[in-house]
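S.K.: First the structure, which I've put down as structure tokens, then a few questions once you've had a look.
No lab work stands behind these numbers, since they all come straight from the coordinates. Just so we're clear, the structure is a prediction, and the values are computed from it rather than from any experiment. As a convention, Cβ positions derive from the backbone with ideal geometry for all residues, glycine included, and neighbour counts pool all protein chains shown.
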Amino acid sequence: MSVKTYIQENRERFLEELFSLIRIPSISAKHEHKHDMITCAQRWTKILLSSGADKAVVMPTEGNPVVYAEKMISPDVPTVLIYAHYDVMPAEPLELWKSNPFEPEIRDGRIWARGADDDKGQAMIQVKGFETALKEGLVNCNVKFIFEGEEEIGSPSLEAFCKQHKELLKADVILVSDTSMVSPDIPSLTTGLRGIAYWEVEITGPNRDLHSGHFGGAVANPINTLCKLMAQMTDADGRITIPGFYDDVEEVSQAEREMIARIPFDEEKYKVSIGVEELSGEKGYSTLERNSCRPSFDLCGIWGGYQGEGSKTVLPSKVYAKVSTRLVPHQDYHTIAKLFEDNLIKIAPKSVKVKVTFTHGGQGYVCPIDLPAYKAAEKAMGIAFGKVPLAVRRGGSIPIISTFEQVLGIKTVLMGFGLEQNAIHSPNESMMLDFFYKGIESVAEFYREYR
Ligand code: BES
Ligand code: MN
Ligand code: MN
């Protein structure tokens, strides 16, 4: 049989297996789903075993368990370690979903569900690509799998797990499907990820909510103050104003900028797809540079004051915000964490009290394009998509990838099949069926190439 025929004949079963995972709401951010994490991990071990792994186990960590599986061929051939995450983001706001986020539905040639892409769909692409390659006799390397259940909360337990299980995780390269391509007609491999630093800010003004008529104008309003402070974090040129913030930013080489400029990116389509009339960002850089190899500063959430029906004239005592920066390779998130905290405390007026809590961070990553596994991935995607994939940096973060390099000394190749239109983390997440199967074909072809 051929790779294509095997996939064709098993299409429905591959989907059913994916659906069985999607139906388990493995939301790492919420405590009430603790048990679903275990159920989901166990379900993965069953699927990995029936897909051809010799061994698949659920292993404990400080937090949610890790799924480990392997297919060992010989001590004399290279080893690939497949990383994925089985946890998903919360599905809220639920009322915006056209169908139940945890009951997958096929409409318009797409799978609609939380995790259809990030990362259950993409993890399944890896596993079914492996199964296909195995059935076709194409696997010439040892294959190990590590699926974690805490990626969406910053992988708090995985570093310690890696340190404890260095021998078990020994491999020549890590292969990951958890990134996206430039567009449906531009297949691409991800050669860079941004780092991240994330904080919670609490600003307190008066010791209780005040009547905004009695006190307004005479007492600092913490919400007004937060808005002023956050507005000062970037300037009119879209540059981040935190002193020292750009010290370790590596300027992208002219050669790479030219490569980015050659990506056939349709800015008009991009604006229409997200419903904005104008884009905005750092002066002197293109959109693709701004969202992949330049840092960014964003408020991810802000709350305080009166939010109920009607109006209430109140000068609130407190305001809260969730703040994040995306970092580029070489910027260290610990350093950035401190720079932001120091700066905020320094520029805050005495009329309020500011509390900053750093919640999590991760380093960026760059993948060299001369790795044997990168070349294999390039050739494999070329076969499945009919076009050689471009090498592009992406703006998202997978903090554990840099930890793998530091702790295990292993480089990662990012062969992702997502698309921005798949709306990961948003309501109505989806994955095109066609890409699901092309992804599986790419992974199967990867094994033919990699030895
Ligand atoms: N799969 C994404 C990361 C991603 C998506 C990278 C598309 C490149 C292209 C991952 O699950 C994710 O959402 N990461 C978080 C990390 C955070 C929770 C520490 C992110 O980027 O916000
Ligand atoms: Mn992901
Ligand atoms: Mn994600």
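S.K.: Could you give the angle, 0 to 90 degrees to the nearest 10, between helix 222-231's Cα long axis and the longest principal axis of the Cα atoms of the chain?
M.R.: Between helix and principal axis, roughly 60 degrees.
S.K.: Rounded to the nearest 10 degrees, what's the angle between the helix 34-50 long axis and the longest principal axis of the chain, both from Cα atoms, 0 to 90?
M.R.: 20 degrees
S.K.: Work through the residues other than Y270 whose Cβ is under 15 Å from its Cβ and net out their charges, Lys, Arg +1 and Asp, Glu -1.
M.R.: Result for the neighbourhood of Y270: -4.
S.K.: Excluding I336 itself, calculate the net charge of residues whose Cβ lies under 13 Å from the Cβ of I336, where each Lys or Arg counts +1 and each Asp or Glu counts -1.
M.R.: Once all neighbours under 13 Å are counted, the net charge is -2.
S.K.: If you don't mind, another one. Extension gain K269-K166, at 0.36 nm per residue separation less the Cα-Cα distance, in nm?
M.R.: Fully extending the segment from K269 to K166 adds 32.5 nm.
S.K.: Express in whole angstrom the spacing between the alpha-carbon centres of region 1-38 and region 128-205.
M.R.: Taking the Cα centre of region 128-205 as reference, the centre of region 1-38 is 17 Å away.
S.K.: Sticking with this one: Does region 1-55 come out rounded, prolate or oblate, given a ≥ b ≥ c as the square roots of the eigenvalues of its C-alpha gyration tensor, rounded meaning a/c under 1.5 and, failing that, prolate meaning a/b above b/c?
M.R.: It is prolate, given that a/c is not under 1.5 and a/b is the larger ratio.
S.K.: Please turn the phi angles of region 290-307 into ³J(HN,Hα) values with the Karplus equation 6.51 cos²θ - 1.76 cosθ + 1.60 (θ = phi - 60°), one per residue in order, whole Hz, x for glycine and proline.
M.R.: Karplus-based 3J(HN,Hα) across region 290-307 equals 4, 9, 9, 10, 10, x, 9, 10, 9, 8, 9, x, 8, 8, x, x, 7, 10 Hz.
S.K.: If you don't mind, there's one more thing I want to ask. Give me the tail of P(r) for region 119-231 as a percent: Cα-Cα pairs with distance above 19 Å.
M.R.: 70 percent
S.K.: Search the structure for amide H atoms under 5 Å from the amide H of G418, placed 1.01 Å from N in the peptide plane, and list their residues when 5 or more places away or on another chain.
M.R.: T179, S180, M181
S.K.: Evaluated at 37 °C with a viscosity of 0.692 mPa s, what Stokes-Einstein diffusion coefficient in µm²/s does region 178-283 have when Rh comes from the Kirkwood expression over alpha-carbon pairs?
M.R.: The calculation lands on 175 µm²/s.
S.K.: If I stretch the segment between A255 and S99 completely, what's the gain in nm (0.36 nm per residue apart, minus their alpha carbon distance), one decimal?
M.R.: 51.6 nm
S.K.: How many percent of DSSP beta bridges within the chain run antiparallel, rounded to 5?
M.R.: Counting DSSP beta bridges with both partners in the chain, the antiparallel share is about 70 percent.
S.K.: Where does the chain land at 222 nm, in deg cm²/dmol rounded to the nearest 500, when only DSSP H runs of n ≥ 4 count, each adding -39500 (n - 2.57), divided by all residues?
M.R.: The per-residue figure over the chain is -9500 deg cm²/dmol.
S.K.: With the cut-off at 18 Å, report for region 1-105 the share of all Cα pairs above it, as a whole percent.
M.R.: 60 percent
S.K.: Helix 120-135 versus the longest principal axis of the chain: what is the Cα-based angle in degrees, 0 to 90, to the nearest 10?
M.R.: 10 degrees
S.K.: Still on this structure, please answer the following. When a/c reaches 1.5 or more, the comparison of a/b and b/c decides; with that in mind, is region 223-308 rounded, prolate or oblate per its Cα gyration tensor?
M.R.: oblate
S.K.: Could I ask something else about it? Could you work out the local net charge near G304, counting Lys and Arg as +1, Asp and Glu as -1, over the other residues with Cβ closer than 11 Å to its Cβ?
M.R.: Result for the local shell: -1.
S.K.: Provide the convex hull volume over Cα atoms per residue for the chain, in Å³.
M.R.: Spread over its residues, the Cα hull of the chain gives 156 Å³ apiece.
S.K.: Once you have the Cα-Cα distance between D370 and L279, take 0.36 nm times their residue separation minus that, and quote the gain in nm to one decimal.
M.R.: 29.3 nm
S.K.: Shape verdict for region 308-445, please, from the Cα gyration tensor: rounded (a/c under 1.5), prolate (a/b greater than b/c) or oblate.
M.R.: Here region 308-445 falls in the oblate category.
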